[in-house]
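Data block below; observations after.
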Amino acid sequence: MGHCRMKIGLLALFSLLMISCTVMEDAPLYTWYDYGVVRARYRKDSTVESKEALRAEYINIWLGQKTRRKVVPPGIAAEYGLMLYKEGNTQDGLSYLRKEMELYPESKACVSKIINQLQEK
């Protein structure tokens, strides 16, 4: 009887592990929120309002990652950093650009070129 209970217990444990793995695999890597819509609106009509909406969306994405990776999607830190830099907030801008390279090492070649070009001006 004890051997049977142990098998049932192991089967139950295995089932729970499989369910938890399935849930994690279904979770998205990133949360983009309304980024696509807000970014398109800004590109189409670069007003103060659309720029502020884009800034708010960057912050929303930055603070709201409750996904599997819990980091911002690729390119978001770089885009936000470039926005800050162009507005004159050079230190924070460079910090976000460097954060992009930290989060996504494959971006290092491209982002380091951007940083070098910005600092040459």
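Throughout, read-outs are computed from the coordinates displayed, never taken from laboratory work. What you see is a predicted model, and the numbers here were worked out from it, not measured in a lab. A quick note on method: Cβ atoms are made from the backbone with ideal geometry, for glycine too, and the neighbour counts reach across all protein chains shown.
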Where N is the number of residues in segment 28-120, Cα Rg divided by 2.2 N^0.38 Å: 1.07
Calculated FRET value between Leu118 and Thr67, using beta carbons and R₀ = 30 Å, to 0.05: 0.50
Footprinting exposure proxy for Ser46, Ser107 (fewest neighbouring C-beta atoms within 10 Å first): Ser46, Ser107
Likely footprinting exposure, Glu120, Glu87, fewest C-beta neighbours within 10 Å first: Glu120, Glu87
Global geometry of segment 58-101, whether rounded, prolate or oblate, following the gyration tensor of its Cα atoms and the 1.5 cut on a/c: prolate
Net length gained if the chain between Ala56 and Lys86 were fully extended (0.36 nm per residue, minus Cα distance): 9.1 nm
Potential lengthening between Leu29 and Thr47 on full extension [0.36 nm per residue; Cα-Cα distance subtracted]: 3.3 nm
